[in-house]
Each structure stands twice: as structure tokens, then as C-alpha cells.
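> The following block contains the structure, expressed as C-alpha cells.
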Amino acid sequence: MKVAYWPGCVSRGFTPELHGSMAKVAPLLDIELVQLDRANCCGAGVIAEHNQELADTLNARTFALAQQVEGAELMMNICSTCQGAQGECQERLDANAEYRAHVNSTLADEGLTYEKGLTNKNFLWLLVEEIGLEKLTSLVKRPLTNLKVGPFYGCYIVRPRARLGIDEEHPRDHYLEQLIEALGGTVIEYAGMRKCCGFPIITMNKEASLKQAGRHLGDALDAEADCLVTPCPLCHLNLDMQQPLAEKVVGRELNMPVLHLPQLVGLALGLEPKELGLSRHVVRPTSVIDWSTSVVGAAA
Amino acid sequence: MAETHRPPEKFTLRMRRYDPESGEAPYWDEHTIELEPHRSVLEGILQAKAKFDGSIGIRCSCRAAICGSCGVRINGEPGLACHTHLDRARASSKDGVIEVEPMGNMPVIKDMIVDMDAVHWKKVQRVTPWLINEGPQPEREHIVPRESMVDITQTMACIQCGACVSDCLAMEVDPGFIGPAALAKAYRFVGDPRDEEQRERLVDLSEDPQGLYDCTHCFKCVDACPKDVNPMGQIMRLRRIAGADQHIVDQNNGHRHEETMVTLIKDYGLLHEAEMIPRSYGGNSWFGKFHPAAGKELLSSLPVAIRGVMKRKMSIKIALFGHKIPKQDLNAVKKIYEKVESKPERYELNLYISGEDEDPNEHVPVSAGSGAAMPSAPGAEGTT
């Protein structure tokens, strides 16, 4: 399937391994990624904090560009924060025709128009809803047997429930668990699964931010997870890149590797850890990857 | 959408019991009650109290989601016991048993009764929750245009139940954080045209390191609220007014962080991560990195940066220069900024107030209080 692909900013900045692994995994799932090179940052909720109309207009621009991709079935993102921030703007744009016309009058300067009703799905939702877990399982070459994975969703993809379309038919706040099982792994449930990594306040209250990251990593460690998996690169930054500092704040050693979603999927589909960029993480996933044999499984 | 003629069913409740004066630890207590499936969890608890154990402690009063007394956690999520159907609660439970606990972030007095005074009310009082207007008093009431009061009707819907405070994730790690209920209450006055202390209120809340800019932006309070108050949305309104209108600079770097993000997207089209820290601490310009506060933070972040570069996580080029969208597109983005930011008044659409279009192809005039397009708490029936 062809998708209008919004990779976000951070996947091309401080988490290049996310961008790279997504590029490697897409062809294995028959996903043609048409990257929206012209599109701008979603604002991450911070631009909306400053000026709502500005955030709505900037995201309407991205939506309009996505709608221009011929043959694309939907827009796909690889970041929980993009999903949530864009979703909030889209909700306003779709709900009020007058407002939408007003925003479109600004986009008209560039010759763009946003038409109501764009489908914007995170890679996680696409895997479950468009590709399907059964199909995914059939493509697994290296089942994640014995790998104990803790899901870490990221706030913006699980709240608010109604806006994110989470209901009984689409238990999107349980998709990571379903996915881990479909790939052959073991789901580890722990207290911090759907809590906040702290990234939004890393410059405002560093201690509180790292305490959140440290606690949730600690909860996963106590629940005996081998690693975490997250669909959000901002969470990844606070959980992986800042893990050494988080350890100091909560006063315990963590050594908890955090995988990006496409990396976990890529491993199960038979790709090598190195080509998925796992060596770039600050906390190396050696507990889950036996580098000598490239076999996935918990170290004894 | 429950049918009122469904026969009664058995539901098992697992309640968290605790009596501080007994000297014993908290424990789980299960009782199986029998009620029609559309009845509320509160009615289930009251039946258990009447039939099996009169000592079960629960606060309640109106049983109609307006008094705010029966705030609890059901299956781990905060909400009102009277506002949650038994069948829905069972469906969202892990093992078919409905788990009821006291709300979080507040000391437990007994069973499901928490000390709201110690946490919730104390924080609400902190924002001076009454109108301050020292001017000459009108003979009857202050007359203000209706449109000027419509926006605060959303935060006025708060019934002070504490559900948002219960699960606030910032408060969980930082108990001194003033919290969503208090800040939503603060907006009720900041947004009221009759109040004369708008700036003073915002300065106070911004300068408090555990105030306005301590919110971790996690939406927990938005989901928790049974009245669609959207506390986090009110917090963002406060920040908008504090930053853009009153130009208040807080010591948490919150305002600078916001300005930095806005400026970087205008200049690059994408986020330039490496500039976030120096500018948030030192000031929103290229020279921000030379400010002592920025220097201090950059130095302490040096190990993180070095590690990142050595692992080839971030290239030095990205770290120093960031990345931009193509020139033509960047110009288009700049034009959008200019057009939107040059307006004398911000255009803020609030779906709680305006509702959704009834006909997808037509627009409806703005009307107050009609329908909410806002989320409802999990396990609870949404308000209309």
C-alpha cells in the first residue's frame, strides 16, 4: 500500500535510527513510503500552546500536502506526539466548516487546500488495522521467543481516548501488546506503560522529567522486562538518551534498552540489529540481542 | 446505551479497604452484588454496604454526577462512581471483577475516602478563587457582553470531584505541583472580564516553580474529567495569555521553551533539537547559548551530547546546524506565521462551545453550551 509518509522532525534529527529502520521495514510489509519532504513540524502541542490557529494552519498544510500524494491510501506518521498534536488540530478543522474555510484561505496563498476527513495513522495503527496481525505473524522470520517486551505508548497516542478513536472495536491503547504477541514475544505489563516519559518538561523541571522516565523504566525492570518498545521518538529520547541521568535521579541502575517500533518489527521480520541502528542507542540492547549470533532472545 | 428492561445480573466488586486506626495494611475486599447492568458502580457499592458490610467507606450524595463527591479509581482509571455503568466497568476490567480504589495523589482517610482538604482544596485555595474587583460597585450586577463570558463556561463546569488531581502524572512525581483543578479554577478568573487581577494572578502562577509551567502535558486530566472541563486546555489558555499577552517570563524556562519552539519552526520548518536547550535556558536567539544559565546547562548536558555523537546517534552536522525544509516551503511557512501572528486577536476555536457542524457540508453559527465534541472518561458515559 502507498502512504503519504510524515516522518516527523526528531526521526531525522536525534533519532536517525528510527527513520532508517522504518525505511528498511516498509518494503517487507509492502508499504510504499512517499515522504512528505515539504511538510513542516507538527508543533508537538507547543505551538498550539502559543497560538492555536497557527498550529492548526501549519498542520492543515501538512494534511493538504498529504492529500496531494496520488494513490496514497492515507497519511502515516511514526511518532505518538505527531499523531496526538496533528489529531487535535484535525479535530478542530474537521468539526467546523467555517473555521476550515478560514484556515484554507491562508493555505490558498501557496495553492494548497485541506479537505475534511484525512486519515492519519501512526505506524502502530497501520500495522494492526491496515496490514493485520495475522498477516504480520505470517511474515515473521525470527519470532521474538523468550523476549519480554514492555510497551511504552507515549501520552499523545493514548489520550484523550475519544479523539484518538480508542473504543471497543479499536482498542488502540492495547495494540502494542497485541503486536508483541503477534511477533512471538512476551508482553510485560508494568505500572508506567501508559504514563508520561517526562519529555515535555525536560527544560522546565528537569528533575521531575527524569524522575518520570526513571520510575517507569524502574517499573519495567521490576516486572522483569528485557526491553521496552515505543512508537514515539520523543519518549525514546527521554527514556534512552537520558537514561544515564534518569538513573542518577531515581538512584538505581536501569540498563533497560528501549526499541523503536520499526526496530522491533524489523528484528522479527529477519533484519539484522546493526542495519536497524540498534548500535546507536545510548543503552545498548545487548541483553536482548546476542551479537555473536544475531539471535533475539533474553541472555541467560 | 443501556436498555432499562434488562434483568439484574451479578457483578463482583473488588474494593480497596483500609482503616488507618486498625494498624493493619490495606487489603482487597470482594463482594458480589446484583443489579441491572445499566446501574452505576456507586449503586453497587451502596448495595454491598447495605447487604454485606456496613463499614465500607465511600463518599456520595447526589448520585447524578453533579455534586462531585464520589470520585474514585475504577479499574485503575479515575472517575465518578455514580457516572460509571456496571456493565461497562466489567467490560473494561482485567478479569471480569470491577476494581474500585480511592483516588490517587491524596492521603487515604478510610477505604475509598480521601483527604480532599489536604491536597485538592488546598491547591484550589492557592489560586485565590474569587473575583477581585476593587472598583466602584454597580448598583446591581456588572454588565459584560455575553461573548466575553462564554469561553469560561467550560471551566465553570468543574464539580470539584478531584478526578483530575487523582491521576495527575506531574503531581505523582512532584507532589507540590499546583495541579489541574486549581489551574482550571484560576482560568475561571483570569478569563473573566470583571476580574482586575489578571496579570497578578498569572505572574504568581508563572513564577511558582510548581505552578503553571510544571504541567507535563500528558492529557491525563483531560481524560479523567467527567464534565469535559479539559483542565490541560485551560492550562494552555493561561500560558497563552501569560506569554503572548502579558510577556511574563517564568523561572522554569517555560515561556522561553515555548518561544524557542515557535521561532525554530519558523526559521527551519523542523525542530532543531540542539538549539532547544541553550535557547530555553538562555533566551530565544542564536546568542542564547552564551547566557550563563545556558552555559551551565550545556555543560551538564555535555556527557549526553558526547555519548550521542560517539554512537553516531546524532551527527555533528545535525547538532550544529539542524535541518530545514526546502527554501520554497520555508517561505510558505514564514508567510503563514506572518499572516496568523499579525492578527490583533487570536482566533481560538473551542469545540466545547461551538459544537460540531450538524451538516458536514454546512456551517452552523457559533452558539454557547451546545453539545461537546470533547472526550469522555474511560468506563463512563459521555456527557452530551
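> Sorted from fewest to most neighbouring beta carbons within 10 Å, what does the list B:HIS5, A:HIS19 look like?
Ranked by crowding around the Cβ, least crowded first: B:HIS5, A:HIS19.
> Please give the net charge around A:ASP219, taking every other residue with its beta carbon less than 13 angstrom from that of A:ASP219, where Lys and Arg add +1 and Asp and Glu add -1. Don't jump to the answer; show the numbers that get you there.
On the way: positive: A:ARG194, A:LYS195, A:LYS211, A:ARG215, A:ARG252; negative: A:GLU189, A:ASP222, A:GLU224, B:GLU172.
My count for the surroundings of A:ASP219 gives +1.
> Where does helix B:180-190 land angle-wise versus the long Cα axis of chain B, in degrees 0 to 90, nearest 10?
On a 0 to 90 degree scale, this one is about 60.
> Normalising by the residue count of segment B:98-174, find the relative contact order in percent from Cα pairs under 8 Å and 6+ residues apart.
39
> Fewest Cβ neighbours within 10 Å first, please rank B:ASP204, A:ASP30, A:ASP240 accordingly.
Arranged by neighbour count, lowest to highest, B:ASP204, A:ASP30, A:ASP240 become A:ASP30, B:ASP204, A:ASP240.
> Tilt of helix B:254-268 relative to the longest C-alpha principal axis of chain B, in degrees (0 to 90, nearest 10)?
60
> Mind scanning A:LYS211/B:LYS220; A:LYS24/B:LYS313; A:LYS274/B:LYS317; B:LYS49/B:LYS122; A:LYS141/A:LYS195; A:LYS195/B:LYS289 and naming the pairs with a C-alpha gap bigger than 26 Å?
Result: B:LYS49/B:LYS122; A:LYS141/A:LYS195; A:LYS195/B:LYS289 exceed 26 Å.
> Additional query: Whose amide H sits under 5 Å from the amide H of A:LYS2, counting only residues 5 or more places off or on another chain, with H placed in the peptide plane?
Placed amide hydrogens put A:GLU32, A:GLU73 under 5 Å from A:LYS2.
> For chain B, modelled as a Gaussian network with Cα springs under 10 Å, which listed residue fluctuates most, B:VAL150, B:VAL72, B:VAL41?
Top of the fluctuation ranking is B:VAL150.
> Rounded to whole Å, give me the distance from the Cα center of segment B:296-327 to that of segment B:1-76.
First find each Cα centre; the distance between them is then 54 Å.
> As a test of the formula, what do you get for chain A when each DSSP H run with n ≥ 4 contributes -39,500 (n - 2.57) and the sum is divided by the residue count, at 222 nm and rounded to the nearest 500 deg cm²/dmol? Numbers along the way, then the final one.
Details: 11 runs with 113 residues, N = 300.
Rounded to the nearest 500, the figure is -11000 deg cm²/dmol.
> Return the average number of partner chain Cβ atoms within 10 angstrom of each residue Cβ along peptide A:163-176.
Numbers: counts 7, 2, 0, 3, 1, 3, 0, 0, 0, 0, 1, 0, 0, 0.
Mean partner shielding for this stretch: 1.
> Right, another one. Which whole-number percentage describes the relative contact order of segment B:204-302, with Cα contacts under 8 Å and a sequence gap of 6 or more?
19
> How charged is the neighbourhood of B:THR12? Take every other residue with its Cβ under 9 Å from the Cβ of B:THR12, and add Lys/Arg as +1 and Asp/Glu as -1.
Working: positive: B:LYS10, B:ARG14, B:ARG90; negative: B:GLU30.
Surrounding charge for B:THR12 is +2.
> Using 0.36 nm per residue, how much length does the chain from B:SER285 to B:SER22 gain when fully extended, once their Cα-Cα distance is taken away?
88.7 nm
> Okay, next question. Relative contact order for segment A:181-282: what percent, with Cα pairs under 8 Å and sequence separation of 6 or more?
Normalised by residue count, the contact order of segment A:181-282 is 26 percent.
> Using a 4.7 Å cut-off between beta carbons, which cysteines in chain B end up with no partner cysteine at all?
Lone cysteines by the Cβ rule: B:CYS82, B:CYS158, B:CYS161, B:CYS168, B:CYS215, B:CYS225.
> Find the all-direction average of the projected area of the Cα convex hull for segment A:102-202, expressing the result in square nanometres with one decimal place.
With every direction weighted equally, the projected area is 10.0 nm².
> Counting other C-beta atoms within 10 Å, and keeping those with at most 14, which DSSP coil trypsin sites (Lys or Arg not before Pro) do you find in segment B:16-107? Provide the component values of the computation, followed by the final result.
Values: sites: B:ARG16, B:ARG17, B:ARG39, B:LYS49, B:LYS51, B:ARG59, B:ARG63, B:ARG73, B:ARG88, B:ARG90, B:LYS94; in loops: B:ARG39, B:ARG59, B:ARG63, B:LYS94.
The qualifying sites are B:LYS94.
> Is the shape of the protein assembly as shown best called rounded, prolate or oblate, per the rule: a/c under 1.5 gives rounded, else a/b larger than b/c gives prolate, else oblate, with a ≥ b ≥ c the square roots of the Cα gyration tensor eigenvalues?
rounded
> Which percent, to the nearest 5, of DSSP beta bridges fully inside chain A are antiparallel?
Percentage antiparallel, nearest 5: 10.
> Dipole of segment B:223-336, Cα-centred, from +1 at each Lys and Arg C-beta and -1 at each Asp and Glu C-beta, to the nearest 20 debye?
That gives a dipole near 480 debye.
> Across peptide B:170-180, what mean number of C-beta atoms from other chains lies inside 10 Å of a residue's C-beta?
Per-residue shielding by partner chains comes out at 4.
> Taking other Cβ within 10 Å of each residue's Cβ, how do B:LEU35, A:LEU65 sort, fewest first?
By the 10 Å Cβ count, ascending: B:LEU35, A:LEU65.
> Sticking with this one: List the trypsin sites (Lys or Arg not before Pro) in segment B:228-258 that DSSP assigns to loop (not H, G, I, E or B) and whose Cβ has at most 16 other Cβ atoms within 10 Å. Which are they?
Passing both the DSSP loop test and the Cβ count: no residue.
> Same structure, new question: Please report, largest first and rounded to whole Å, the three semi-axes of the ellipsoid equivalent to chain A, where each semi-axis is the square root of five times an eigenvalue of the C-alpha gyration tensor.
Working: eigenvalues 206, 100, 52 Å².
For chain A, the ellipsoid semi-axes come out as 32, 22, 16 Å.
> For chain A, modelled as a Gaussian network with Cα springs under 10 Å, which listed residue fluctuates most, A:LEU93, A:LEU28, A:LEU259?
A:LEU28
> With springs only between Cα atoms under 10 Å, which of B:ASP208, B:ASP329, B:ASP223 fluctuates most in a Gaussian network model of chain B?
Fluctuation is largest for B:ASP329.
> A further question follows. I want the antiparallel fraction of DSSP beta bridges within the protein assembly as shown, as a percent rounded to 5.
50
> How far is helix B:273-282 tilted off the main Cα axis of chain B, in degrees rounded to 10, range 0 to 90?
Its long axis makes an angle of about 90 degrees.
> Okay, moving on. Give me the inter-chain shielding for A:54-64: mean count of other chain Cβ atoms within 10 Å, whole number please. Let's see the in-between values first.
Working: counts 11, 3, 4, 5, 7, 0, 1, 4, 0, 0, 0.
Mean shielding by partner chains, rounded to a whole number: 3.
> Using the Cα centre of segment A:76-155 as the reference point, and only Cβ charges (+1 on K/R, -1 on D/E), how large is the resulting charge dipole? Debye, rounded to the nearest 20.
The calculated dipole for segment A:76-155 is roughly 620 debye.
> Quick check on segment A:137-278: take the gyration tensor over C-alpha atoms, sort the square-rooted eigenvalues as a ≥ b ≥ c, and tell me if it's rounded (a/c under 1.5), prolate or oblate.
Oblate is the answer for segment A:137-278, as a/c is 1.5 or above yet b/c matches or exceeds a/b.
Each reported figure results from applying straightforward, stated rules to the coordinates on display, with no laboratory input. Source: prediction; values computed, not measured. Ideal geometry is used to build each Cβ from the backbone, glycine not excepted, and the neighbour counts take in all protein chains shown.
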